[in-house]
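Report on the structure given below.
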Amino acid sequence: LLDKSDKYDSRDVERLQQDDKWVENYLIWRHDVVDDTLKMIDESFQWRKEYTVNDLTESVLPKWLFENGSLFLHGYDKEGYKLFWFRVKHHIRDPKQQLEKKKLVAFWLEHYAKRDHGKPLTVVFDMAETGISHIDLDFVRFIVNCFTDYYPNFLTKIVIFEMPWIMNAAFKIVKGWLGPDAISMLKFTNKSDVQEYISGEYLPPHMGGTDSFKYSYPPLVDDDFQTPLCENGPITSEDEPESKEEIDADTKETGELNEEQNLNQKKMNSIEQFSKSEETDKTEFKPKNAKKALTTFKGPLLHISPAEELYFGSKETGEKKCLIVLTNVTKNIVAFKVRTTAPEKYRVKPSNSSCEPGTSLDIIVSLHGGFAASLQDRFLIMAAEMDQSSGAGIPELTQFWKEVPRTKVMEHRLRCHVVESSKPSSLTLKENAFNIPAKTNEDLHIQLTRLLQINKRLQEQIDRCLWFQQLSVVLSLLSVTVVAFCFYLVYTQRS
């Protein structure tokens, strides 16, 4: 790679040296074959520099590309993976615009990869109402190549909706570009079976779904985060008994907190820039079953822990609370607020507040009423620096968020992970006490790959041992035969 360093963006080379996860993704995607992995890194790095991927922004691409609505990110599949939509009917083949359209693909993929830390995507080719004029094999091939050659371990499946019969021959060509792994990811669907992969809430009506989303630009399409969350959750009469039970449970838990939690509580109480109701929230103790984060996202304003996922339990495991720890790493007050894609489900305390310089603040996220966490649920933490003189009460915060420029707002997204467990409840509780998060599918994949490699090395060592053992047996037999023959010769000579 060093021989071609002039063909790479120095930022990519630096990231490769520092980001082990990125390297692992290349290895996983190339089945741990080192030569193939190096070839993919070489090709993808050259492509990234050619398309200036690290510098692709809204301002450098023509506005009409975004207004067209043929490519965008929206919604999630049933496994919780983000959907990358290609609305083929809005795409018109035009060689003069091809490079710009390809850069738009690269923009969206890079935008999402940086925002969600490389979480894989599901591609949806919506081919409803398409005809000959929309067929553009070069563009389709480019999209496929992005996932097979340039973005490692970034594709979960390709859902093709209502492919016209006239395009069967064209897609036979497309299959020829794909390896066996990618071919297995192709899912040809229509209205009757597309919900095997994507639930109706993220499908538009023409696909048999109920999603009322209509693409428009600006702004960029994003998750439909609602903000700020009501700190006590949605207020309805049926929720009141549940809220009382949760308050009683929280009160009971206060007697079981350890010394570390009490220290954190004192730290929280040192922040005095909130209204009376918020101060009341601060005096509540952290729930004992809120998982302590083991990973940290290090942003320019806040360090956020956990870095990527909030671990909730299924209905069987019963875990309904998670902890987010914010640490202000600036010399100013940092205002923050929390948004979610499912505001009816969650209570967040505090959800719209501020953090003093150099201090940490605990945010408790709890499921409200009888709701269960979903893989599709997302949280967005927004943060921005405030002037020391501006104050940090509710009126000041409200005015601050109206006036702060978007360019000065730090954003970080967290996804939900639902921990399924078939173990006895006693084992689950024991694991919770030690705050051991469940392994994700990606972690298990990596571990399995490593185990297979170790197993392969052990097998090779065993084979060598067996070979030496067999060789030793043969040599021993030869030695015994030679000695016996020598004794025989001596005996015959004496006779």
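How do 150-160, 166-176 rank on mean C-beta neighbours within 10 Å, highest first?
Sorting 150-160, 166-176 by mean packing, highest first, produces 150-160, 166-176.
Can you pick out the pairs among K102/K345; K114/K337; K39/K103; K39/K114; K21/K320 whose Cα atoms lie more than 27 Å from each other?
K102/K345; K21/K320, as the Cα separations exceed 27 Å there.
For the peptides 55-63, 378-386, what is the packing order when you average, over each peptide's residues, the other Cβ atoms within 10 Å and list the highest mean first?
Top of the packing list down: 378-386, 55-63.
Going highest first, how would you order 16-23, 467-474, 88-95 by mean Cβ packing within 10 Å?
88-95, 16-23, 467-474
So which of K89/K172; K96/K408; K214/K349 end up more than 30 Å apart, counting from Cα to Cα?
Violating the 30 Å limit, Cα to Cα: K96/K408; K214/K349.
Report the net charge of residues surrounding F171, where surrounding means a beta-carbon distance below 15 angstrom and charges are Lys +1, Arg +1, Asp -1, Glu -1.
Neighbourhood net charge equals 0.
Largest first and in whole Å, give the semi-axes of segment 297-418's equivalent ellipsoid, each being the square root of 5 times a Cα gyration tensor eigenvalue. Write out the running numbers ahead of the final one.
Numbers: eigenvalues 149, 41, 30 Å².
Semi-axes, largest first: 27, 14, 12 Å.
Using the scaling law 2.2 N^0.38 Å as the reference, what is the normalised Cα Rg of segment 10-53?
1.12
Could you give the length gained on full extension between F213 and E396, defined as 0.36 nm per residue of separation minus the Cα-Cα distance, in nm?
That works out to 62.5 nm of additional length.
By the scheme Lys and Arg +1, Asp and Glu -1, what is the net charge of all other residues having a beta-carbon under 14 Å from that of V329?
Net of charged neighbours comes to 0.
For segment 71-152, what is the Kirkwood hydrodynamic radius in Å, using each pair of distinct C-alpha atoms?
Values: mean 1/r = 0.0745 Å⁻¹.
Result for segment 71-152 stands at 13.4 Å.
With every protein chain present, what is the per residue accessible area of segment 297-418 (1.4 Å probe, Å²)?
Roughly 36 Å² per residue, with all protein chains present.
When the Karplus curve 6.51 cos²θ - 1.76 cosθ + 1.60 is applied with θ = phi - 60°, which whole-Hz ³J(HN,Hα) does each residue of segment 461-469 get, with x for Gly and Pro?
5, 5, 4, 5, 4, 5, 5, 5, 4
Taking θ as phi - 60°, what are the ³J(HN,Hα) couplings along segment 182-191 by the Karplus curve (6.51, -1.76, 1.60), each to the nearest whole Hz, with x for Gly and Pro?
Working through the residues one at a time gives 6, 4, 5, 8, 6, 10, 7, 9, 9, 4 Hz.
Starting from 0.36 nm per residue, how many nanometres of slack lie between N168 and V482 once their C-alpha separation is accounted for?
Value of the extension gain: 105.6 nm.
The values are calculated or read from the model by the stated rules, or taken from the named source; none is laboratory data. Quick caveat: nothing in here was measured; it's all calculated off a predicted structure. With ideal geometry, Cβ positions are generated from the backbone for all residues, glycine too; neighbour counts draw on all protein chains shown. The accessibility values were calculated without ligands, DNA or RNA, using every heavy atom of the protein model including side chains. Shrake-Rupley method; radii C 1.70, N 1.55, O 1.52, S 1.80 Å.
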